[in-house]
1. Students often get this wrong, so check it: of Lys67/Lys171; Lys73/Lys127; Lys57/Lys165; Lys9/Lys115; Lys73/Lys115; Lys119/Lys165, which have C-alpha atoms separated by over 26 Å?
2. Hey, if we sort Phe13, Phe149 by accessible area with the 1.4 Å probe, largest down, what's the order?
3. Using a Förster distance of 41 Å, how high is the FRET efficiency between Gln137 and Asp5, based on the Cβ-Cβ distance and rounded to 0.05?
4. Quick check: from the Cα gyration tensor, does the stretch 68-176 come out rounded (a/c under 1.5), prolate or oblate?
Amino acid sequence: IKITDKNGKEITFTKQGNSTFIFVMPSSNVEVKAVFTKTGETKNDESKTDSSTEEAKTIKMQIGNTKVTVDDKEISNDVAPVIVNDRTLVPIRIVTETLGGEVGWNDATKTVTLKIDGKEIIMTIGKVLEAYGVAPQIINSRTYVPIRFVADELGAEVQWNDETKTVTVIKTIPNK
C-alpha cells in the first residue's frame, strides 16, 4: 500500500488490523494505491503495476457559472448548472464527454443516450427519474440531467459544497 499527498510525497501509515490502516490526513487530497497478490506470490515487477494504475478525472462546476474546471484546468461552457426543485442539474454533454463518453440525441423521441465504459444510458426529456425525483429537461437549448443520477450511472463520486454552490464529479479512469 502506498499513500501520497497531492505533491506525490509519501505519507506514513500504521497497520492497525488485517485490513485497517491509519494515517494523518493532510490538508490536501490523498491517493491510496494497493497492489494485491495471491498468497505465496510476490510482486516483483513495479513497472507492470504503474502502467495499469488508474487516474481520477475531476470536474468542478458552480451553479450559475459557465466556467468548468477539469483537472485544475479552466474551460468555458456555453451554459451553467442550475438548481430545480432542490436538485442540481448539469448540462450532460460536458460531463459525459469530459469523462470519455459520448452523448446522442433523438429529437423525435426526445431521448438522450449516454455511452461510456461500455454502458448505455437512455433518458427521456420530461420523464421523472424516480430515485432522483426530477426529470431530464431542456434549458437554453441544452439537455440537463440530475448530476447525482449521472454520477451514479457513470460510476463517479459527487461532492456538493453548499457554501459555494459547487458540484464536483470525480471518476476513476483506468490508464490504457
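The values are calculated or read from the model by the stated rules, or taken from the named source; none is laboratory data. Not measured: the values here are computed from a predicted model. Heads up, the Cβs are rebuilt from the backbone with ideal geometry, glycines too, and the neighbour counts pull from every protein chain shown. When the accessible area is computed, the model is the full protein with side chains, heavy atoms only, and any ligands, DNA or RNA have been set aside. Shrake-Rupley method; radii C 1.70, N 1.55, O 1.52, S 1.80 Å.
1. Values: Lys67/Lys171 19 Å; Lys73/Lys127 34 Å; Lys57/Lys165 20 Å; Lys9/Lys115 36 Å; Lys73/Lys115 24 Å; Lys119/Lys165 30 Å.
Exceeds cut-off: Lys73/Lys127; Lys9/Lys115; Lys119/Lys165.
2. Phe13, Phe149
3. FRET efficiency, Gln137 to Asp5: 0.50.
4. rounded
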